[in-house]
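The values are calculated or read from the model by the stated rules, or taken from the named source; none is laboratory data. None of these values were measured; they are calculated from a predicted model. So basically every Cβ, Gly included, is an ideal-geometry build from the backbone, and we count neighbours across all protein chains shown.
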Amino acid sequence: MTEDRVNPERLMIRSVLVAEAGVVAGLHARVRAACCPGGVPGDGAERVAAWRGAIERPGGHVLCVVRGGRIAAVAAFRTAEDAPADTVTLHRFHVDPGHWRTGLGSALHAACVEQWQADGKRAALLDVPFGDPRARAFYARLGWVPDTADTADTERPAAGGDRPVPLRYAVPGRAGTTGVSGGAGE
């Protein structure tokens with residue numbers, strides 16, 4: 001607490017607590033409202049329940065960035081039951097709109113990669129809406145690439161722009177280990 005008063009911009013990245021599901025659902029709603037002018041489907045109670053489920057899910061991880069004592073970004077990931085054991089899926093990655101382009105997203109992504117490395121993951125998957133060029137550019141800067149045989153398909157807009165574009169990230173090897181392969185097309 002004292003450190004937050006001395007340095008209110010101090011970042012902390014940690015696991016989200018079940019009791020914080022409502023806070024995370026509120027952040028999620030703000031992000032969706034900023035990205036989806038048509039509104040946010042579902043009500044607040046559904047979002048809180050979904051986040052509570054993600055936080056409590058065995059084998060799942062929900063990390064957050066705390067800045068100035070408040071959750072400012074969140075990421076949820078896990079290995080799907082039908083996926084290879086060395087592949088993780090990033091299901092949610094949200095930065096509060098008031099913190100866009102401040103480095104929080106990059107810091108959270110680095111923490112995710114660190115966890116993936118510790119868990120022995122070689123690849124990460126993510127679906128990003130075609131109609132969200134800001135998110136697509138963010139992931140491209142971090143090294144995510146289209147995960148499709150027909151890369152030209154990612155250049156064509158779908159009706160409404162909501163068609164997901166599958167992306168893949170090759171998780172780098174941990175320091176002191178051999179390089180990790182697993183990029184697109186392998």
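Here's the yes/no breakdown for (1) farther than 17 Å from Val95 by Cα; (2) out of contact with any strand residue (DSSP E or B) (no Cβ under 9 Å at 6 or more places or on another chain); (3) modelled with pLDDT of 95 or more:
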site: Arg14; (1), (2), (3): no, no, yes
site: Ala19; (1), (2), (3): yes, yes, yes
site: Gly22; (1), (2), (3): no, yes, yes
site: His28; (1), (2), (3): no, no, no
site: Arg32; (1), (2), (3): no, no, no
site: Cys35; (1), (2), (3): no, no, no
site: Pro41; (1), (2), (3): yes, yes, no
site: Ala45; (1), (2), (3): yes, yes, no
site: Gly53; (1), (2), (3): yes, yes, yes
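When segment 121-139 is limited to residues that are in contact with a Gly (Cβ under 6 Å, 6 or more places away or on another chain) and in a loop (DSSP other than H, G, I, E, B), the one that is surrounded by the fewest Cβ atoms within 10 Å (Cβ to Cβ) turns out to be Gly131.
Of the residues making up segment 111-120, those that are of a type in the set (A, V, I, L, M, F, W, C) and over 11 Å from the mean Cα position of the chain (by Cα) number 2. Scanning segment 92-100 finds one or more residues that are touching a Lys or Arg at 6+ places or on another chain (Cβ under 8 Å) and surrounded by 15 or more Cβ atoms within 10 Å (Cβ to Cβ).
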